[in-house]
Amino acid sequence: MTDITSPPAAGGAEPGGDVLVDTGEHHHLAGAGVIKPGYAPRLTNEDLAPLRKQTWGSYNFFAFWMSDVHSVGGYVTAGSLFALGLAAWQVLVALLVGITIVYFLCNLVARPSQATGTPYPVASRISFGVLGANIPAIIRGLIAVAWYGIQTYLASVALVLLAIKLWPGLAPYADVSAHGFAGLSLLGWIGFGIMWIAQAVVFWRGMDAIRKFIDFCGPAVYVVMFLLAGYLVIEAGWENIDFNLADGGITLTGWAVLPVLLSAIALVVSYFSGPMLNYGDFARYGKSFAAIKKGNFLGLPVNFLVFSLLVVITAAATRPVFGELIIDPVHTVARLDNVYAVILGALTFMIATVGINIVANFVSPKVGL
C-alpha cells in the first residue's frame, strides 16, 4: 500500500493567484489534500489525502471547542443534570471530571491525524483496516446526519421565537394544531429551512470559512451569556438565588450520590463523543501537536468550567425572576421584556447552534462518506 504520509510534491500557481499542487494527474488548491502519483484511486480523494499545509493554531482549537460547548444543547445538557437530584457543587464536579476525560481522549485521537495530515476515516484504517474503516466512518456520518437535524431544529426554535417577538401576528402560524404537519408548525418548518440553508452556505465556502466562523461565534456567545447572567442576578438579587436546583429541592445524600454522579460524568463524555470520535478531521489542520493540546486544554477543562458556572448561575436566577426554573437559554431570553435583548440573545444562540452543527455534524459525514 502506498505511503499516504509522505510530503507532497512541489506546486505552482494559477494566473488567478491560487497556489496549486501538481500531482501528475490532479491539481488541488493549497491546503487541500494532495493526491500523489501511485495513490490507489479507490482509497484516495481530496478529502482523505494528506494536507499540503497545516495552519491552525491553539486559538483555532480553543474556538472550536467554544463553538462546540456554547450551544443550546450544551446548556440544556448541563442544566438537566440537576434533575438527577445532585446539588450544584456535585453537578460542577461531574461536569469537570467528564470534560477532563474528554480532554485526554481528544489528545489521543488528535495525535495520528496531526502527524499525517489525514482525517478520521484514514486514521481509523490503523485499527479497522483499509476496507473495515468504512464501517466506523459511515456510522459516524449517519449519527451526524441525525444530530444535524436535531441541532438545526434547536436553532430554528430561536429563530421562530425571535420572529414572533418582532411580528406577533405570526404567532398563529407557530401553532402545530392549527398550522402544522409532522409535529412541526408552518413557522417552524420555515425556520428549519432557513437555518438549514444558512449552515450549508457557511460549509460550502470551505474549511477556511468554517475556521473563521467558529473563531467568531464561540467568543460571541460568551459575551451574551455573561450579559444574560449579570442581568438575571441583578434582577433577582444575589441573596435570593438558591443553587439547590433539584426537583422539589430534594438532593441525594450519602452513597446514593455515587451512582448518579457516575451517570452524570458518563452523560458529559457521551455528549462530546461525536466530535471526540472524529476529532482528527480538525486536528489534521494543526500546526503542531503542542498547539492542539494547548487549544484543547483552554477549550475543554478551562472553558467548560467557566461555561458550567454561567449555566448554574443563570438557571438558578430564573427561579426568583420568572417564578420557575428554566434550563433552556432560548426560552430564558424570550421571557425578557427588552426587545433588543431578545433579538441579541436569539441571534447569538442561533449562531452558537450553527457553530456546533458545523463542527460536530456537518464536517463528519462529508469527510467520512
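The values are calculated or read from the model by the stated rules, or taken from the named source; none is laboratory data. Since we're looking at a predicted model, the values are computed, not measured. Please note: Cβ atoms are built from the backbone with ideal geometry, for glycine as well, and neighbour counts cover all protein chains shown. Note: accessible area is taken over every heavy atom of the protein model, side chains too, but ligands, DNA and RNA are not part of it. Shrake-Rupley method; radii C 1.70, N 1.55, O 1.52, S 1.80 Å.
Considering region 301-329, and only residues there that are more than 23 Å from W238 (Cβ to Cβ) and either open to solvent by less than 10 Å² (accessible area, probe 1.4 Å) or among the aromatic types (F, W, Y) (or both), the residue that is modelled with the highest pLDDT turns out to be N303. If we scan region 4-18, do we find a residue that is in contact with a Phe, Trp or Tyr (Cβ under 9 Å, 6 or more places away or on another chain), over 27 Å from F349 (Cα atoms), at pLDDT below 80 and buried (at least 20 other Cβ atoms within 10 Å of the Cβ)? Checked region 4-18: at least one residue is in contact with a Phe, Trp or Tyr (Cβ under 9 Å, 6 or more places away or on another chain), over 27 Å from F349 (Cα atoms), at pLDDT below 80 and buried (at least 20 other Cβ atoms within 10 Å of the Cβ).
Please verify whether P121 is over 18 Å from the mean Cα position of the chain (by Cα) and under 28 Å from G193 (Cα atoms), treating the condition exactly as stated. Criteria not met by P121. Is it the case that I150 is in a helix (DSSP H, G or I), surrounded by fewer than 21 Cβ atoms within 10 Å (Cβ to Cβ) and under 14 Å from the mean Cα position of the chain (by Cα)? For I150, the condition - in a helix (DSSP H, G or I), surrounded by fewer than 21 Cβ atoms within 10 Å (Cβ to Cβ) and under 14 Å from the mean Cα position of the chain (by Cα) - is met.
Of all residues in region 97-111, those that are open to solvent by 50 Å² or more (accessible area, probe 1.4 Å) and in contact (Cβ under 8 Å) with a residue 60 or more places away in the chain total 4. The residues of region 175-194 that are modelled with pLDDT under 90 and under 23 Å from L336 (Cβ atoms) amount to a single one, D175.
Filtering region 214-231 to residues that are among the aliphatic types (A, V, I, L, M), open to solvent by less than 40 Å² (accessible area, probe 1.4 Å) and farther than 16 Å from N60 by Cβ leaves V221, V224, M225, L228, A229. Every listed requirement among (1) in contact with a Ser or Thr (Cβ under 6 Å, 6 or more places away or on another chain); (2) open to solvent by less than 30 Å² (accessible area, probe 1.4 Å) is met by K294 save one, (2). Among the residues that make up region 334-344, is at least one of them closer than 23 Å to F216 by Cα, in contact (Cβ under 8 Å) with a residue 40 or more places away in the chain and within 17 Å of the chain's Cα centre (by Cα)? Looking through region 334-344, none of the residues is closer than 23 Å to F216 by Cα, in contact (Cβ under 8 Å) with a residue 40 or more places away in the chain and within 17 Å of the chain's Cα centre (by Cα).
Scanning region 32-71 for residues that are closer than 28 Å to I150 by Cα, acidic (D, E) and open to solvent by 10 Å² or more (accessible area, probe 1.4 Å) turns up just one, D47. Between V157, V201, the distinction of being in contact (Cβ under 8 Å) with a residue 40 or more places away in the chain and in a helix (DSSP H, G or I) belongs to V157 only. Somewhere in region 218-227, is a residue of a type in the set (A, V, I, L, M, F, W, C) and more than 18 Å from the chain's Cα centre (by Cα)? Checking region 218-227: at least one residue is of a type in the set (A, V, I, L, M, F, W, C) and more than 18 Å from the chain's Cα centre (by Cα).
Would a scan of region 199-209 turn up a residue that is of a type in the set (A, V, I, L, M), open to solvent by less than 70 Å² (accessible area, probe 1.4 Å) and either under 18 Å from F297 (Cα atoms) or in contact with a Leu (Cβ under 7 Å, 6 or more places away or on another chain) (or both)? No, region 199-209 contains no residue that is of a type in the set (A, V, I, L, M), open to solvent by less than 70 Å² (accessible area, probe 1.4 Å) and either under 18 Å from F297 (Cα atoms) or in contact with a Leu (Cβ under 7 Å, 6 or more places away or on another chain) (or both). Residue-level check: of (1) free of Cβ contacts under 8 Å to residues at least 24 places away in the same chain; (2) over 18 Å from the mean Cα position of the chain (by Cα), G191 misses just (1). For region 275-296, a residue qualifies if it is assigned to a helix (DSSP H, G or I) and more than 11 Å from V102 (Cα to Cα), and the qualifying residues are G280, D281, F282, A283, F289, A290, A291, I292, K293, K294, G295.
Selection within region 245-269: residues that are exposed (fewer than 13 other Cβ atoms within 10 Å of the Cβ) and of a type outside the set (A, V, I, L, M). The member of this set that is farthest from L92 (Cα to Cα) is G248.
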